[in-house]
1. Could you tell me which numbered condition Lys158 fails, if it satisfies all but one of (1) surrounded by 17 or more Cβ atoms within 10 Å (Cβ to Cβ); (2) in contact with an Asp or Glu (Cβ under 8 Å, 6 or more places away or on another chain); (3) within 28 Å of Leu208 (Cα to Cα)?
2. Working carefully through the options Leu88, Leu122, find the one that is surrounded by fewer than 18 Cβ atoms within 10 Å (Cβ to Cβ) and more than 22 Å from Ser17 (Cα to Cα).
3. Check whether at least one residue in the stretch 211-220 is under 16 Å from Arg98 (Cα atoms) and part of a helix (DSSP H, G or I), and report yes or no.
4. Looking at the stretch 29-73 only, could you name the residues that are buried (at least 17 other Cβ atoms within 10 Å of the Cβ), over 13 Å from Ser110 (Cα atoms) and either among the basic types (Lys, Arg) or within 16 Å of the chain's Cα centre (by Cα) (or both)?
5. Restricting the search to the stretch 112-138, which residues are of a type outside the set (A, V, I, L, M), over 18 Å from Ala24 (Cα atoms) and under 14 Å from the mean Cα position of the chain (by Cα)?
6. Being outside any helix (DSSP H, G or I) and of a type in the set (A, V, I, L, M, F, W, C) is the filter here, so list the residues in the stretch 173-193 that pass it.
7. Here are the criteria: (1) closer than 24 Å to Ile180 by Cβ; (2) surrounded by fewer than 18 Cβ atoms within 10 Å (Cβ to Cβ). Tell me which single one Glu117 does not satisfy.
8. For residues that are touching a strand residue (DSSP E or B) at 6+ places or on another chain (Cβ under 9 Å) and either within 17 Å of Ile8 (Cα to Cα) or not basic (Lys, Arg) (or both), tally how many sit in the stretch 116-141.
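Read the figures in this text as sums done on the coordinates, not as results from a lab. Nothing here was measured: the structure is a model prediction, and the numbers come from that model. Cβ: placed from backbone, ideal geometry, glycine included. Neighbour counts: every protein chain shown.
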Amino acid sequence: MNILQNKIVIAIDGFSSCGKSTFAKKIARKYSYTYVDSGAMYRAVTLSCIRHNIIDNGTVDLVKLNGILNNIDIDFEYDNKGNQITKLNGENVENEIRSITVSSRVSIISSIGSVREKLVKLQQGFGVKKGIVMDGRDIGTAVFPDAKLKIFMTADPKVRAKRRYDELIAKGDNVNYDDIEENIISRDHLDQTRDISPLAKADDAITLDNTYMLPEDQVIWLEEIINKL
Ligand code: DC
């Protein structure tokens with residue numbers, strides 16, 4: 001018997017592109033939990049802002065943003081392999097929200113209080129079901145401060161950039177490694193320094209540095225941790 005058999009909430013936070021979703025999905029599959037990618041929700045709001053043309057040179061039209069937030073519906077579906085598909089007002093936007101255009105604007109949108117308020121409420125709603133593993137930046141600190149298991153993930157920025165680059169190239173995107181590394185470093189900075197719910201390790205979170213670890217090693221690491229809890 002380990003604590004995951006009680007269908008708890010598992011909070012995974014950490015830096016951009018350090019494999020949080022790969023790790024969270026593996027846990028979800030192994031322990032029959034539901035995976036929720038909170039970053040996808042910030043990306044979906046960002047996509048909607050881009051489509052409504054309300055971001056101009058780093059400035060956001062807050063009145064129009066509130067209109068968007070009042071009418072936005074973000075939900076997830078899961079394919080037969082358990083992969084999450086993000087739906088923005090019913091439309092499958094899973095691929096579009098991963099584009100570099102969205103990635104380069106998501107930090108601005110996710111630093112806005114009204115956006116965070118709306119999405120944190122939605123995320124807490126997913127937690128009512130229990131048996132969920134959610135990844136993001138403030139899951140252990142703001143969304144589920146009482147989560148029974150909190151993991152804080154980190155890895156060397158260059159290793160993270162290379163992983164992200166390989167992922168996008170494999171998808172057929174025409175991307176440049178230096179742009180990706182620059183985007184990761186700039187997002188790390190913005191995520192850690194924003195005023196509301198900055199990226200931070202919760203006091204009771206366990207750190208996982210996976211710079212030199214394969215995804216399988218991380219699952220073994222987790223098993224060792226939960227067997228001791
Ligand atoms: O995990 P990701 O890279 O897909 O997240 C996209 C952005 O959303 C990231 O730059 C920070 C933001 N984010 C956040 O502020 N809070 C979360 N819980 C999840 C993501």
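1. (1)
2. Numbers: Leu88 fails: surrounded by fewer than 18 Cβ atoms within 10 Å (Cβ to Cβ).
Going through Leu88, Leu122 in turn, the sole match is Leu122.
3. No.
4. Thr34, Tyr35, Val36, Asp37
5. If the condition is that a residue be of a type outside the set (A, V, I, L, M), over 18 Å from Ala24 (Cα atoms) and under 14 Å from the mean Cα position of the chain (by Cα), then Arg116 is the only one that fits.
6. Of the residues in the stretch 173-193, the ones outside any helix (DSSP H, G or I) are 173-176.
Listed by number, the list holds a single entry, Val175.
7. All conditions pass for Glu117, except number (1).
8. Final tally of qualifying residues: 17.
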